[in-house]
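The values are calculated or read from the model by the stated rules, or taken from the named source; none is laboratory data. Given the structure is predicted, the values throughout are model-derived calculations rather than measurements. Methodologically, a virtual Cβ is constructed for each residue, glycine included, from the backbone with ideal geometry; neighbour enumeration extends over all protein chains shown. Surface accessibility is based on the protein's heavy atoms, side chains included, excluding ligands, DNA and RNA. Shrake-Rupley method; radii C 1.70, N 1.55, O 1.52, S 1.80 Å.
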Amino acid sequence: RKEVEQDPGPFNVPEGATVAFNCTYSNSASQSFFWYRQDCRKEPKLLMSVYSSGNEDGRFTAQLNRASQYISLLIRDSKLSDSATYLCVVDSGYALNFGKGTSLLVT
Amino acid sequence: DTAVSQTPKYLVTQMGNDKSIKCEQNLGHDTMYWYKQDSKKFLKIMFSYNNKELIINETVPNRFSPKSPDKAHLNLHINSLELGDSAVYFCASSRLADEQFFGPGTRLTVL
């Protein structure tokens, strides 16, 4: 089983739509969780950290379910500029493990 | 003002050659990393250095040798380049186990 698994998509949504991405991880001892965003031919950049109680940053909401080892990202009112690949990232104690990413295209 | 910089941005070379990629960070971080992102976009860690000491060395051919002359620099030297080495190589830095900041990447093409 891979350390971090995501649906690769692509997710094609119209502007204004709400879209949700899911991610599962295998290491139950993981303590830190993140969503990164990667634009085409660019470096990954931190979108938001994911906290146990769930957290929101504007149109973005992240949730963590430790029992199910599951992380989610919800994007409300999608904008064209949200088009990118979203990487689920989980720490392994000494490094970050990246999922393969979920591709989002907002049209 | 660049936080993590890499040179060169593009590298095109022949099989069998030896090449180096340089990375520098001015964030005062104590940990630096090298990642490889292949054509399938999977970002995989190769090496990690903390305070100039190697702490992660994933299953990477020993043709790849990282060198950290100081905390702000982590260079990657690759010997006897192969076609399969073609990828984008990202350098990153962080305080240990914290958010990682990535460099712009070096796109390596081996012909």
> Looking at (1) touching a residue at least 40 places away in the same chain (Cβ under 8 Å); (2) part of a loop (DSSP other than H, G, I, E, B), which is the only condition A:TYR86 fails?
Replying inline: (2)
> Can you find a residue in segment B:34-54 that is open to solvent by less than 30 Å² (accessible area, probe 1.4 Å) and more than 12 Å from chain A (Cβ to nearest Cβ)?
Replying inline: no
>> If I go through segment B:18-32 residue by residue, how many of them are under 17 Å from B:ARG63 (Cα atoms) and either surrounded by 13 or more Cβ atoms within 10 Å (Cβ to Cβ) or among the hydrophobic types (A, V, I, L, M, F, W, C) (or both)?
In response: 4
> In segment B:55-68, what residues are in a strand (DSSP E or B), open to solvent by less than 80 Å² (accessible area, probe 1.4 Å) and modelled with pLDDT of 90 or more?
Replying inline: B:PHE64, B:SER65, B:PRO66, B:SER68
> Which condition does A:VAL90 not pass, out of (1) at pLDDT 95 or above; (2) aliphatic (A, V, I, L, M); (3) open to solvent by less than 10 Å² (accessible area, probe 1.4 Å), if it passes all the others?
Replying inline: (1)
> Within segment B:1-21, restricting attention to residues that are under 21 Å from B:GLN100 (Cα atoms) and charged (D, E, K, R), which residue is nearest to the chain's Cα centre (by Cα)?
Replying inline: B:LYS9
>> Being assigned to a loop (DSSP other than H, G, I, E, B), more than 9 Å from chain A (Cβ to nearest Cβ), small (Gly, Ala, Ser) and buried (at least 16 other Cβ atoms within 10 Å of the Cβ) is the filter here; which residues of segment B:73-111 pass it?
In response: B:SER86
> Within the set of pairs 6 or more residues apart or between chains, which connect a residue that is more than 8 Å from every other protein chain (Cβ to nearest Cβ) inside segment A:96-107 to a residue that is part of a strand (DSSP E or B) and among the hydroxyl-bearing types (Ser, Thr, Tyr) with Cβ atoms less than 6 Å apart?
Replying inline: A:THR102/A:TYR86; A:SER103/A:THR85
